[in-house]
Number of protein chains: 2
Amino acid sequence: MNVLKGAAVVGQSGGPTAAINATLSGVIRGALDEGSKGVISKLYGMRNGIEGLLKENLVDLGGMFSSDGEEDDEKLRILAQTPAAALGSCRKKLPDPSEDPDFYESLISVFKKYDIRYFFYIGGNDSMDTVAKLSKYLAGSEYEMRCVGIPKTIDNDLAGTDHTPGFGSAAKYIATTVQEIVRDCAVYSVPAVTVVEIMGRDAGWLTASAALANLINGEGPDLVYLPERSFSFDLFLEDLKIAQSKKPGIVVAVSEGLRLDNGRYVGEGTQSGATDVFGHKYLAGTAKALEMFVKEKIGCKVRSIELNLPQRCAAHLASLTDINESIETGLFAVRAGIEGSTGVMVSSVRGGGDCYSISFRTEEISGIANAIRCVPDGYINERGNGVTDECLRYIFPLIQGECRTVYRDGLPVHIVI
Amino acid sequence: MNVLKGAAVVGQSGGPTAAINATLSGVIRGALDEGSKGVISKLYGMRNGIEGLLKENLVDLGGMFSSDGEEDDEKLRILAQTPAAALGSCRKKLPDPSEDPDFYESLISVFKKYDIRYFFYIGGNDSMDTVAKLSKYLAGSEYEMRCVGIPKTIDNDLAGTDHTPGFGSAAKYIATTVQEIVRDCAVYSVPAVTVVEIMGRDAGWLTASAALANLINGEGPDLVYLPERSFSFDLFLEDLKIAQSKKPGIVVAVSEGLRLDNGRYVGEGTQSGATDVFGHKYLAGTAKALEMFVKEKIGCKVRSIELNLPQRCAAHLASLTDINESIETGLFAVRAGIEGSTGVMVSSVRGGGDCYSISFRTEEISGIANAIRCVPDGYINERGNGVTDECLRYIFPLIQGECRTVYRDGLPVHIVI
């Protein structure tokens, strides 16, 4: 095997998750291990992703997380329980390699300066696009470097993998919080509707997770609407009336990305129409729009709740399965790079049989970037107001286990790099 | 001592908390103990508070939580970790005893029918008003019964007690969640403002709790505004500009009850002016109003987050100190009733010295009901955009310790009565 010796760099990009630092801790462990074998000379962290790399805003991660060359277990453990992106993040869309080769030559001059031979990038769909473009450019360059994408997104919408690191923890937070909201909404005897808005622009995986308590103990939300199906105000009103005929307090879980038949977002009326740098429409207010609708059409007590940022940063309630797999994903990425993989993303494959098991492999990244994996039609009930048990059984193993979070003086301990 | 033998009834009223069922479990333990001594013959639970009592909608709580007359520890433990009000709640304002004696006679006929001699009511300010009125009426009646109010409110705004059960858990949830949001907001290098809205109509205790991470690890919100001080948009803009000159991501914690100099709520513009049955103005949208203000005046990225219901029902992150004290408060209430107290509320007294300690006693309820205990002026900094270390040191012991929550299949286990 051709062993490529040199430094490595790792970055984080896109929206934070509760598990992205666990993946980073896996990359650090892997790099320190390869360091002790004389393969990876140094591990740099890029601050704020590719933007920091361009400015040579780099930190010596290897040195930061080792004592006398040994892994600093306590620090790495705290890193794994710290939410958001310890290295900082960015939302930068790379230019097309054929249109702006100068951009890529600037990057390569940084790689050369620091003798960087391994590029690990932890992120979602847009970050995989970065890895795909960079490795495509490098393929036609004489600079030898290996680029490995490491998936991360609470949205679980990446193609080519059973699920994404970060999703399990977000799902556990959402399922737990919605179960608590269901309990809260059961205390009054007057009719009331509570609409809970959950992240997910195009894919309804997170919103589906809200229904896990239905499978586990029969005490989940009454109605669940995913963005994979067109939303109808008329059917919603019918669904609500049927639900209200059975009990006073109704809890509805909705995706932020709900759209009407005509393609317009349910929450669009309240929005500015602004888009982010990737051209995604900036969304908010789906639950608020439904709150106003219920107030007008039914007139009962109604409340909307946006779960908002805590969905992606509530590390105190991370899934042990997710955190362990996130660390494994980072370790696997380092091994894959050392063994010669480039232009790939680490993916997970679920084993067959009754017991949940997962293994890792690499997938060509070009076919993955920019593809969105939605909830399959068969996972949504016929009426479009709930998910099937099959869907919930797919999510179920990903929320299992609780982390032994380290607290100090009553608050979880975080690390700041 | 005159030992009054007979049945007892317990109810929950007002908004749910993460700890109100822990208090209920304390009352059940206390009543079962007195049952074994032949004093309390039976413990009824009223469904939906005083409303259920009037309809004789009662459950045999003693029977439900004992096996062969022994306390069912496992069930009581699960009850203590179940959020919201297991017996259901209500928001009913009792009539003045002198104006509507018939109402009280109806209640007394229910008490007589079930031989109820002890009335325990767990709730906040409005619920203490209920206990005060009922005991006042009973004082002039020939029916012998003892009424004990047991405090519960996340708002910590009850007079006559060091703090209220439920507050510590809400404070721990808020401090942890805001710390996580601070981490999330630190990942990008572009200027951004995040406004977090926290419950508290008149008292800023919960909003103050958001700043605990500042004391504990120096990583809390940048600006904190409580309802005890008038809010000024001009000063807010100045504060923001100063904060933004130091770092890009600014996190602001605000109370839902912020008011301007003229007495109008900051969020009032977006509201209907509706009031609840107690005449409180229904509030929402303070953070949203500030989001719109920042967008217009600064033009940077801005996001508002309402912590909403999870503040009061996130039992998965309850404070061990709060849960233990909540159970103790319930036990103490039963003992106080047996020992002859009536027309009282259980209150907590903090011991002096460096180590936190608490003891319980009873306070005359007539002086407590309808009084609001706000954050003292000396706990707020001069500029009015933060709280003092003294304030945080008062809250600090109340969030200490984590509960060993029982999970099953990845979700916390709750009990439904």
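No lab work stands behind these numbers, since they all come straight from the coordinates. Fair warning: this is a prediction, and the values are worked out from it, not measured in the lab. In this analysis, Cβ positions are derived from the backbone assuming ideal geometry, glycine residues included, and neighbour counts consider all displayed protein chains.
Annotations for the structure displayed:
- In the range A:311-382, chymotrypsin sites (Phe, Trp or Tyr not before Pro) in a DSSP loop with at most 14 other beta-carbon atoms within 10 Å: A:TYR356
- Position A:VAL349: other-copy label points at 7.0 nm, ordered by increasing distance, label point 7 Å along Cα→C-beta.
- Counts of other chain beta carbons within 10 angstrom of each beta carbon in peptide A:33-42 average 0.
- For the range A:170-313: rounded, prolate or oblate by the Cα gyration tensor [a/c cutoff 1.5]: oblate
- Restricting the range B:1-104 to GluC sites (Glu not before Pro) that sit in a DSSP loop and have at most 15 other Cβ atoms within 10 Å of their own Cβ leaves B:GLU56, B:GLU99.
- Per-residue Cβ neighbour counts within 10 Å put B:ILE338, B:ILE198 in the sequence B:ILE338, B:ILE198, beginning with the fewest.
- Chain B, relative contact order in percent, only Cα pairs under 8 angstrom and at least six apart counted: 22
- Shielding value for B:213-221 is 3, the average number of Cβ atoms from other chains within 10 Å of each residue's Cβ.
- Overall form of chain A: prolate. Here a/c, set by the Cα gyration tensor axes a ≥ b ≥ c, is 1.5 or more, and a/b is the larger of a/b and b/c.
- Sorted by Cβ density within 10 Å, fewest first, the residues A:THR23, A:THR342, A:THR194: A:THR342, A:THR194, A:THR23
- Pairs with C-alpha atoms separated by more than 32 Å, drawn from the list A:LYS288/B:LYS246; B:LYS55/B:LYS152; B:LYS75/B:LYS136, are A:LYS288/B:LYS246; B:LYS75/B:LYS136.
- Tilt relative to chain B, helix B:233-244 - C-alpha long axis, 0 to 90 degrees, to 10: 70
- Prolate/oblate/rounded call for the range B:316-395, Cα gyration tensor, a/c under 1.5 rounded: prolate
- Chain B: most fluctuating residue of B:SER230, B:SER109, B:SER357 per GNM, C-alpha cutoff 10 Å: B:SER357
- Label-to-label distances for B:CYS374 across copies, nearest first, come out at 5.3 nm, using points 7 Å from Cα in the beta-carbon direction.
- The fewest-to-most ranking of A:ASP60, A:ASP129, B:ASP322 by surrounding Cβ atoms within 10 Å reads A:ASP60, A:ASP129, B:ASP322.
- Loop-located trypsin sites (Lys or Arg not before Pro) in the range B:314-417 whose Cβ has at most 15 other Cβ within 10 Å (DSSP): B:ARG383, B:ARG404
- Each copy carries a label point for A:ALA139 at 7 Å from Cα along the beta-carbon vector; from one copy to the others these points are 8.7 nm apart, nearest first.
- Scalar couplings 3J(HN,Hα) for the range A:209-225, obtained by applying the Karplus form with A = 6.51, B = -1.76, C = 1.60 to θ = phi - 60°, are 4, 4, 8, 4, 5, 4, 6, 7, 9, x, 10, x, x, 7, 9, 9, 10 Hz; x denotes Gly and Pro.
- Inter-part distance where the range B:57-79 and the range B:121-140 are each reduced to a Cα centre, Å: 26
- Two-site label geometry, A:CYS355 and B:ASP261: point separation in nm, points 7 Å out along Cα→Cβ: 7.1
- Straight-distance crosslink candidates among aspartates and glutamates, where the alpha carbon sits under 19 Å from B:LYS5 and sequence neighbours closer than 8 are dropped: B:ASP33, B:GLU34, B:ASP60, B:ASP115, B:GLU142, B:GLU144, B:GLU339
- Ranked packing of A:179-189, B:237-247, most packed first, by mean Cβ within 10 Å: A:179-189, B:237-247
- Only Lys, Arg (+1) and Asp, Glu (-1) charged, at Cβ; the protein assembly as shown dipole about Cα centre in debye: 440
- With Cα atoms, 0 to 90° folded angle of helix A:286-297 axis to chain A main axis: 0
- Between B:CYS374 and A:ASP377, the simple label model (points 7 Å from Cα in the Cβ direction) yields a spacing of 6.1 nm.
- In chain B, the longest principal axis of the Cα atoms and the axis of helix B:20-36 are about 20 degrees apart.
- Peptide B:311-320, shielding by other chains (average Cβ, 10 Å cutoff): 4
- Backbone N within the range B:384-417 under 19 Å of label point (7 Å from B:GLU74 Cα along the Cβ vector): B:404-417
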